[in-house]
Amino acid sequence: MRALLELLAQEGASESGVSLIEVVISTMLVAIIAVGTLTGFDGASRATANERQHNQATLLAAQDEERLRGMNSTALGRLGTRSSSATENGTNFTIESKAQFVSAEKEEFTCEASGTSADYIQTTSTVTWRSLTKKPKTAEETPLEKVSQSSIVPIPTATSLQVNVHDQANEPVEGATVKVAGKTMGTVEQTTPQSGCVIFGALPDSEVTITATKSGWINERREEAPSATEAKLSTTALVTKTFVIANPGSIVGEFVSGSTPVAVQGDSMYVTHTSTEPVVAGTANTYASSVTAAGLFPFQTPGKPPGESKYTAYAGDCKEDPVTANGKGEVSDPAPQVNPGAATAVKIEVPAINVTVYEGTSESSKGALDSRAEGTLSNVSCSESTVRTVKTTSSGTLERKYQPYAKKMKLCLAQTIGTNHYRYTTEFANTAKAGITLPNVFMAGATKTSSTC
């Protein structure tokens, strides 16, 4: 027993495994210290880099403010918002220079309050750059830092002009180009910011012309490039002009016919609104399942939801109101509301004109179904309607029998049978939703003539 205890004591006193454990522990301690030290160096480096970026941004903002203060009031009043860029020590900076007129009485930006004046200009220089304080996965996640500086610049007594640009809902329009032209000043322009308002100050001319446009947008007269508006300026009051433009919409007319409407083909659609000139979509005698009236102003009553100012659309190209089965001229279902940048589909009714044409002389001597008669179909009650061409099919019916509503239509058919020329004419009202059926036509029993329709 004593021998065993002595053996265990000898083994416990051995240091053969302790050295290896000490080496491992030492290595781990060195690694932890190294990581902590490097992390500290990296954090200090980042802090130094961010401090340097802030200092550079502050210097750039100060330099831009000094530049703006050195501009004369006329040039500064036309500045609006401009952007430039600069690179310092590998960092890309964006410098936004802005000049806004301020009302001294209300202590507000002139464009953001009503009934104000333009007493002085506030300049603002904002410098932005991507921060290095974090390491995001993507560049888009990098925090955007900024530094801003502002100054107040007095303006001398001079003419000034405020231009507001609104859309159909009386909301401000961003990105519109406003141009002001005078005899001595030439043409100056600004782009509307989010407020839809720009101010031109210290203008040398007392009479100017103004335009406000945006690519693809139109005014209430459907003009993308309207004529300039004239304005007389004053040295004692801020003159304000407001322009209304909108992103146009369209109406797609889908032709249908019958009491239980089915899709058919038509050729044209007449679109009207109480506040603008009518539009004819499609071309007479060119038939399709639908036509589109594009470039329509999306009228909307301010303060009310869409749908308060609808268009009227019906088949044909006649400016006179059509007559329908209910006698109210309501031929589109429903009346279409045009929305900005969108297409509104609407069903356009074209009732059928049913007639059967024979080559014979009478009901008792009908002859063959006539497939060779040709002629015209005209809206007699319309002062400017296009005359449509018609012809018969192998079944003796009109090839294009779906036609617009009309108070009075005139059908003329002509044909040569043997050595004789015949012409048949009839007038009728095309006012029923279900269409109209005309008496049978017998071409050899029609009027002999030497002329066609």
Inspect all residues belonging to the range 194-202 and state whether any of them is modelled with pLDDT of 90 or more, touching a His at 6+ places or on another chain (Cβ under 9 Å) and either open to solvent by less than 70 Å² (accessible area, probe 1.4 Å) or β-branched (Val, Ile, Thr) (or both).
yes
Filter the helices (runs of 4 or more DSSP H) completely within the range 1-119 down to those with at least 3 residues that are modelled with pLDDT under 75 and surrounded by 11 or more Cβ atoms within 10 Å (Cβ to Cβ).
18-69, 73-77
So in the range 210-228, with the set limited to residues that are part of a loop (DSSP other than H, G, I, E, B) and polar (S, T, N, Q), which one is most open to solvent (accessible area, probe 1.4 Å)?
215
What are the pairs with Cβ atoms under 7 angstrom where one residue, in the range 252-264, is open to solvent by 80 Å² or more (accessible area, probe 1.4 Å) and the other, located anywhere, is among the polar types (S, T, N, Q) and in a loop (DSSP other than H, G, I, E, B)? Sequence gap at least six, or different chains.
263/289
Positions within the range 357-400 being in a strand (DSSP E or B) and β-branched (Val, Ile, Thr), in sequence order:
357, 376, 389, 390, 392
Subset tally (residues that are at pLDDT 95 or above and in a loop (DSSP other than H, G, I, E, B)) for the range 229-239
0
Counted residues in the range 129-145 being in contact with a strand residue (DSSP E or B) (Cβ under 7 Å, 6 or more places away or on another chain), modelled with pLDDT of 65 or more and either more than 16 Å from residue 90 (Cβ to Cβ) or assigned to a loop (DSSP other than H, G, I, E, B) (or both) come to 2
Would you confirm, using the coordinates I've provided, whether residue 149 is in contact with a Leu (Cβ under 9 Å, 6 or more places away or on another chain), in a strand (DSSP E or B) and not hydrophobic (A, V, I, L, M, F, W, C)?
no
List the number of the failed condition for residue 162; all other conditions in (1) within 29 Å of residue 172 (Cα to Cα); (2) at pLDDT 85 or above; (3) open to solvent by 70 Å² or more (accessible area, probe 1.4 Å); (4) of a type outside the set (A, V, I, L, M) hold.
(3)
When you scan the range 350-369, do you find a residue that is at pLDDT below 95, of a type in the set (A, V, I, L, M, F, W, C) and farther than 24 Å from residue 390 by Cα, even just one?
no
Condition first: over 24 Å from the mean Cα position of the chain (by Cα) and not polar (S, T, N, Q). Now tell me which residues in the range 156-179 satisfy that.
156, 158, 161
Scanning the range 404-439 residue by residue, the ones that are modelled with pLDDT under 95 and part of a loop (DSSP other than H, G, I, E, B) total 9
Are there any pairs with C-beta distances below 7 angstrom linking a residue in the range 86-102 that is more than 21 Å from residue 155 (Cβ to Cβ) to a residue that is open to solvent by 60 Å² or more (accessible area, probe 1.4 Å) and outside any strand (DSSP E or B), with the two at least 6 apart or on different chains, and if so which?
89/52
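The values are calculated or read from the model by the stated rules, or taken from the named source; none is laboratory data. None of the values given here were measured: they were computed from a predicted structure. Note that each Cβ is placed from the backbone with ideal geometry, even for glycine, and that neighbours are counted across all protein chains shown. Heavy atoms of the whole protein, side chains included, go into the accessibility calculation; ligands, DNA and RNA do not. Shrake-Rupley method; radii C 1.70, N 1.55, O 1.52, S 1.80 Å.
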